[in-house]
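What follows draws every value from the coordinates through simple rules; no lab data is involved. What you see is a predicted model; the values in this text were computed from it and never measured. We place every Cβ from the backbone using ideal geometry, glycine too, and count neighbours over all the protein chains shown.
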Amino acid sequence: MTIPIIDGHNDLLLRLMTDPAGREAIWSGQAGGGHLDLPRMRKGHFAGGFFAIYIPVRPDSDAPGLAAMNEMMAHPPYALPLPPALSLAEAQPVALLQAGHLLGLERLTPDDFRICRTVAEIEHCLARGIIFAVMHMEGAEAIDPDLDALHVFHAMGLRSLGPVWSRPTAFGHGVPFRYPSSPDTGPGLTEAGTRLVRECNRLRIMIDLSHMNAKGVEDVAAISDAPLVATHSNAHAICPSARNLTDRQLAMIRDSGGMVGLNFATAFLRPDGRRDPDFGHDVMLRHLDHLIAHLGEDHVGFGSDFDGAEIPAPIGDVTGLPAFQEALRAHGYDDALLRKLCHENWIGVLRRTWGA
């Protein structure tokens, strides 16, 4: 029996914005490619998850392009230079466009796809086989320091936010893509970042620690009254990438009643740090074992990074999730634990964060 999966992170909205095939062709599965579309979600028992609004690197930036970054990450060690910060004027129209794409998917297929703002709405969708989305923002470049835009996006459905995506924002400093490296790479939250975290707490918007450096995680932990959550991060003890979480950070997340979603990105899974999909489920199982050992079985789930990263060949795309579940069973995880990993833990942390 395949158990429905809630996923902590995907970048489908970026693909909808940049792929010339267009939203309807991509969503219907006619365009092919990528990791996600509605028919493949059904086949993969993808119940829903966090759909990220992400502002890509400017094409005219001096930072390495995607091809150059991929080449560097294929040959560790590496220390990728981060792209420059984006202005509010650059970021906000892109964020609005991606939010519009998410709302557009709901209009295209209202019987099959819903944006959820409460746990009750998620449970309604799960019970009826409706795929759901939580609107997430990966990097708060589209939010002004006065936080007026935070309230606008919240009214649209925003319920999860990462203050940074690696590059600096008005709110803090992200962790760079380095291997091997500690996540202790610089300063954390700014004064505006402190205000952002507190206002997200007030609005009950979940704060995502993925892409934050060690000092940023410490700062959020000191300020926030909500569970600490990393939607798509792995164990630094197994893959010493700056993007992964140390055992000390895992303890902080555990003690807050928080959550970590296993990232499927190959460079953050492989112990050698290589961006190379040629490996089996065993590496993912090592990370899960470590996360469960340090967080407890009630605080671990999945955060695939579908449509935003290269993922292991045995997964391939969202249709590889049932086979992954079978690998977990073969590894000794029983159905009670699988239900927790697949969806119950995400529902639990959202209830503790959102309150309903």
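Miscellaneous remarks
- Exposure proxy ranking, count of Cβ atoms within 10 Å, fewest first, for 346, 354: 354, 346
- Long-range amide H partners of residue 246 with built H, under 5 Å: 236
- Sequence-distant residues sharing a close amide H with residue 206 (under 5 Å, placed H): 160, 161
- Dividing the helix sum by the residues of the chain, where each DSSP H run of 4 or more adds -39500 (n - 2.57), gives a mean residue ellipticity at 222 nm of -11500 deg cm²/dmol.
- Spatial separation of Cα centroids for region 106-157 and region 337-353, in angstrom: 18
- Separation of region 63-105 from region 204-271 is 20 Å, based on Cα centroids.
- A Förster distance of 30 Å, applied to the separation of the beta-carbon atoms of residue 97 and residue 289, puts the FRET efficiency at 0.15.
- Cα-only Debye scattering, region 9-79: base-10 log of I(q)/I(0) at q = 0.19, 0.29 Å⁻¹: -0.91, -1.26
- Distances between placed amide hydrogens fall under 5 Å for residue 53 paired with 136, 137, 138, all partners being 5 or more residues away or on another chain.
- Per-selection Rg to Rh, region 114-217 - Cα, Kirkwood hydrodynamic radius: 1.05
- Restricting the calculation to Cα atoms, every distinct pair contributes to the Kirkwood radius of the chain, found to be 19.9 Å.
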